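The values are calculated or read from the model by the stated rules, or taken from the named source; none is laboratory data. Note that the coordinates shown come from a computational prediction; the quantities given were computed from them, not determined experimentally. Glycine gets a Cβ as well: all are built from the backbone with ideal geometry, and neighbour counts include every protein chain shown. We work out accessible area using only protein heavy atoms, side chains counted, and drop any ligands, DNA or RNA first. Shrake-Rupley method; radii C 1.70, N 1.55, O 1.52, S 1.80 Å.
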Amino acid sequence: MIELFHVSKVYRDTVALANVDLKINPGEIIGLFGENGAGKTTLMKSIVGIVPYQGTILLDSDPITRKNIGRISFGTCEHSFFGDLTADEHAQFYREHFDTFDEKRYNGLMDFFELPRNRKLKRMSTGQQNQMEVILALSQGADYVFLDEPFAGNDIFNREDFYKVLLGILRPDETIMLSTHLIEEVSGFVGRAVLIHKGKIIGDCDVAALEENGESLTDYVKEIYGYQPDRVGKALADITGEKDI
Amino acid sequence: MRNKREKAQRRLFSQIAPPKENPWVMLLLGQIFTLGLSVVTFYSYKNRLLTQLYRFFDQNVVFTNKLGYPVGGIIHGGRQIEKLNTLLQGILWWMIIAVTVFIVYAVYYYRVYYQSHAVYLMKRVPDRFEMHRRCLTVPIILTVEAIIIAVILVLYCKYLYYRYTPEMYLPANGTINLWRLFTL
């Protein structure tokens, strides 16, 4: 289990995370939602150890250090691979550094998405690069996989394929945290939704429980964020001067 | 067994530079650069040192052999040769240039990671020194080589100075001020 206690992060005068408490249990598939600048990326980077933070983050009651960092993997739309290496060279790099590297999963995903193994990653399309980032994160053999807007730039068919494949290949104790804006698209995929706003966790719910109550994830998110459906109409009326918009 | 050792060696050497960067090319270029600078400096200072010795003997010693080396008798009593420190002033100026170039090497290597966000991956690998080893090994090897060359250079010049200067002409305080060796 990953536990966050009073985690805060300030970039100069901007509060990115404000006293965040969160528990991430083994086997969960979590959607992390929030507007741009809400703190999703900072939250993930803090857990993964990429940015320094204040507070405590524990992995099975131990601080996250180089000793146990291999149990966590991270895929990001910023792309953390080496552009000059090919896919197979990356696999070799992961093999050398992570004892848990899952060869079978890597080969299976590479074949499924028909990605070129011997082409430099910088020569691939953005969609292929995103796929490579996710494939490497999933093949590391980590217990906790954090994916930060991994499919920005991929078409909907591609994304849906990925969700299906992902659900099919995950081990029961493998945890995924996925940050995205595509709430409706992932609502059938995630089991838990965490909402973040201005660096604070403002919502945390079980998606199945929501559905049992007849509520959709999108409605829940709108409700928590205090979304005003008539906001657009009011704005247009103000701009155009027409009353019935 | 041999295969395993070779594999381990290959891995070690492949890890002293960022992926796809050839550390041997950088090492070779760095060594050529260091040696070139130091050899040029050495010849210029060796000549300067020997010229100074010769001039001193020529002006102050009466009996010299054909090479100008003193074979006895003085002379203009009380005269002493210039301090080694003065004669070697600036002999290590090339090290400043060389080390600056090696720092640029390191910056270039770190840039490979930071520019591509591959630093995120490097911060997640279990070996905390992985990235630093890949960025700093080549510059450190070259710097150590430069230091060794510098020490040899200074010691050899010191040897020449003491070898060819009779004791009676040596100045009282012969210690070398390192700082002066770097300043022109």
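Hey, could you check the range A:19-64 for residues that are within 14 Å of chain B (Cβ to nearest Cβ) and in contact with a Gly (Cβ under 8 Å, 6 or more places away or on another chain) and say which is nearest to A:V190 (Cα to Cα)?
A:T42
Within the range B:88-106, track down each residue that is outside any helix (DSSP H, G or I) and surrounded by 17 or more Cβ atoms within 10 Å (Cβ to Cβ).
Passing the criteria: B:L88, B:Q89, B:I91, B:L92.
Does the range A:87-115 hold any residues that are at the interface with chain B (Cβ under 10 Å from one of its Cβ atoms), over 17 Å from A:G75 (Cα atoms) and outside any helix (DSSP H, G or I), and which are they?
A:D99
Please state which of the following conditions A:L4 fails to meet, knowing it meets all the rest: (1) away from chain B (no Cβ under 14 Å); (2) open to solvent by 20 Å² or more (accessible area, probe 1.4 Å).
Every condition holds for A:L4 apart from (2).
Within the range B:77-99, which residues are in contact with a Phe, Trp or Tyr (Cβ under 6 Å, 6 or more places away or on another chain) and at pLDDT below 80?
B:Q80, B:I81
Which numbered condition trips up A:K198, out of (1) closer than 17 Å to A:G75 by Cα; (2) open to solvent by 40 Å² or more (accessible area, probe 1.4 Å); (3) at pLDDT 85 or above?
Exception for A:K198: condition (1).
Among A:G27, A:G34, which is open to solvent by less than 30 Å² (accessible area, probe 1.4 Å) and modelled with pLDDT under 95? Working first, answer last.
Working: A:G27 fails: open to solvent by less than 30 Å² (accessible area, probe 1.4 Å).
The conditions single out A:G34.
Consider B:V119 against the criteria (1) surrounded by fewer than 18 Cβ atoms within 10 Å (Cβ to Cβ); (2) away from chain A (no Cβ under 14 Å): it satisfies all of them except one. Which criterion is unmet?
(2)
For residues that are open to solvent by less than 70 Å² (accessible area, probe 1.4 Å) and farther than 28 Å from A:T14 by Cα, tally how many sit in the range A:219-235.
Final tally of qualifying residues: 2.
Yes or no: A:A152 within 12 Å of another protein chain (Cβ to nearest Cβ) and either among the aliphatic types (A, V, I, L, M) or touching a residue at least 40 places away in the same chain (Cβ under 8 Å) (or both)?
It is false that A:A152 is within 12 Å of another protein chain (Cβ to nearest Cβ) and either among the aliphatic types (A, V, I, L, M) or touching a residue at least 40 places away in the same chain (Cβ under 8 Å) (or both).
Taking the stated definitions as given, is B:Y114 among the hydroxyl-bearing types (S, T, Y), without any contact (Cβ under 8 Å) to a residue 24 or more places away in the chain, within 14 Å of another protein chain (Cβ to nearest Cβ) and in contact with a helix residue (DSSP H, G or I) (Cβ under 8 Å, 6 or more places away or on another chain)?
So B:Y114 does not fit the description; no.
Taking the criterion of being without any contact (Cβ under 8 Å) to a residue 12 or more places away in the chain, open to solvent by less than 90 Å² (accessible area, probe 1.4 Å) and away from every other protein chain (no Cβ under 14 Å), would at least one residue in the range B:125-145 satisfy it?
Checked the range B:125-145: at least one residue is without any contact (Cβ under 8 Å) to a residue 12 or more places away in the chain, open to solvent by less than 90 Å² (accessible area, probe 1.4 Å) and away from every other protein chain (no Cβ under 14 Å).
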